[in-house]
Amino acid sequence: MIYGSPPVPTESFGLQFENPIGLAAGMDKKGENVQNWEHLGFGWIEIGGITLHGQDGNPKPRMFRSTKHNALINRMGFNNPGSELMAESLAKQKAKKWASIPVGINLGKSKITPNEEAEQDYAGTMERLWGFADLFVVNVSSPNTPNLRELQSGSELDRILTACNSVNANAAKVTGTSPKPILVKISPDLSDDQLKAVADTAIAQGCAGIVATNTTTARPGEDKVMNQSGGLSGKPLRNRSTEVIHLLYAHTNGNMPIVGVGGISDVESAWEKIGAGASLLQLYSAMVFEGPGVNKAINKGLNGKLKAHGYRCLADAVGHSHRS
Ligand SMILES: Cc1cc2nc3c(=O)[nH]c(=O)nc-3n(C[C@H](O)[C@H](O)[C@H](O)COP(=O)(O)O)c2cc1C
């Protein structure tokens, strides 16, 4: 059993999860603590974003917090050692001790790589890190790399996913194993039609799921901290992220697994995401504002919700608010 957190077992894209709560991308950007997050009650983790080339990211300060809003604004800009050094570091960790929970890798794009060559960046990183991940997330939704979010448009995303699928299939063949699940992470700032188009592309490319959502450049509140540029996360993102999950679940008839992320900080916000159609969850900001006890509290609360509503398991509760 994962230390300190009651099990809420579930299964998605062929992987078993002892509980649905994952560490959202960006907290363990360098993948330095792969084996430790489960001790904080996480059922899975996503490390990165990692880019093909190492880069420093944006100048500091680049992360801001508003305790008044339970919100963060960041403009980190994919600071990370790059895929080559990352592969070395992960190999060292794996030789000693590895996570017992599923490990996802968040793929970003190097700032120096033009959008026209984006597929080489994503697929190149995937190739180098393939052996370390249980799943990959293609992140085309960070607001902090110039023009990155343009890669969500049909033909650009199509090119990136084609390249990633090819690396994935080849690595599976060489190792005599199966291709790994590839998910697409989406921005909450897209229009309804754009959100649907991303889902359609992801489905056409055989993706395993969608991560909804990344941070937003919208600003629901006004004060000094909230006026910083960058991506907003935490409580002010909660409603919009849930709305996006609702839309994606309805559009895909519940056939595409959705990872719900954005403003989850307690059982109510987690249950709301599951009701909207999320099969798995992630959080980042709540670790900052609530501390690591948040995972245990949510998992305990989810078991209470399942019992109270008469669901046998978490999977049965997914999308429940579409049925009531
Ligand atoms: C400092 C910081 C860095 C982040 N870095 C990444 C990243 O590299 N890749 C990514 O896909 N999302 C990144 N995110 C977004 C989170 O993974 C998540 O989608 C967002 O914070 C919403 O969840 P939350 O409200 O629980 O924080 C980052 C968020 C923060 C606060």
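Roughly how much of H39 is accessible, in Å² to the nearest 10, using a 1.4 Å probe? Surface accessible to solvent at H39 totals approximately 90 Å².
Evaluated over the stretch 150-259, the count of Lys pairs having alpha-carbon atoms less than 30 Å apart is 7 (only pairs 8 or more residues apart or interchain).
Quick one: work out the % antiparallel among DSSP beta bridges in the stretch 10-322, nearest 5. All intermediate terms of the calculation are to be shown ahead of the outcome.
On the way: 13 of 41 bridges.
In the stretch 10-322, approximately 30 percent of DSSP beta bridges are antiparallel ones.
Remark: the M63-N227 segment gains 57.8 nm on full extension, using 0.36 nm per residue and subtracting the alpha carbon distance. In this structure T145 has an accessible area near 10 Å², from a 1.4 Å probe over the protein heavy atoms.
In this structure H309 has an accessible area near 110 Å², from a 1.4 Å probe over the protein heavy atoms.
Dipole size of the chain about its Cα centre, with +1 on Lys/Arg Cβ and -1 on Asp/Glu Cβ: approximately 820 debye, rounded to the nearest 20. With all pairs of separate Cα atoms included, the stretch 10-322 yields a Kirkwood hydrodynamic radius of 19.2 Å. For N33, no residue has an amide H sitting under 5 Å from its own, ignoring neighbours fewer than 5 places away on the same chain, with H placed 1.01 Å from N.
Leaving ligands and nucleic acids out of the surface, order E88, E156 by accessible area at 1.4 Å, largest first.
E88, E156
In terms of accessible area, using a 1.4 Å probe and ignoring ligands and nucleic acids, S191, S285 rank largest first as S191, S285.
Taking all protein chains together, Y122, Y284 sort by accessible area into Y284, Y122, largest first [probe 1.4 Å]. The stretch between S153 and N239, if pulled fully straight at 0.36 nm per residue, gains 28.6 nm over its current Cα-Cα span. Extending 7 Å from the Cα toward the beta-carbon at both V174 and K300 defines two label points whose distance is 4.7 nm. Take the Cβ atoms of A91 and E116, set R0 to 30 Å, and the FRET efficiency comes out at 0.40. Peptides 101-110, 193-202, 78-87 ranked from most to least packed, by the mean per-residue count of other Cβ atoms within 10 Å: 101-110, 78-87, 193-202.
The values are calculated or read from the model by the stated rules, or taken from the named source; none is laboratory data. Here the structure is a predicted model, which is why all the values come from computation and not from measurement. Glycine gets a Cβ as well: all are built from the backbone with ideal geometry, and neighbour counts include every protein chain shown. With ligands, DNA and RNA removed, areas are computed over all heavy atoms of the protein, side chains included. Shrake-Rupley method; radii C 1.70, N 1.55, O 1.52, S 1.80 Å.
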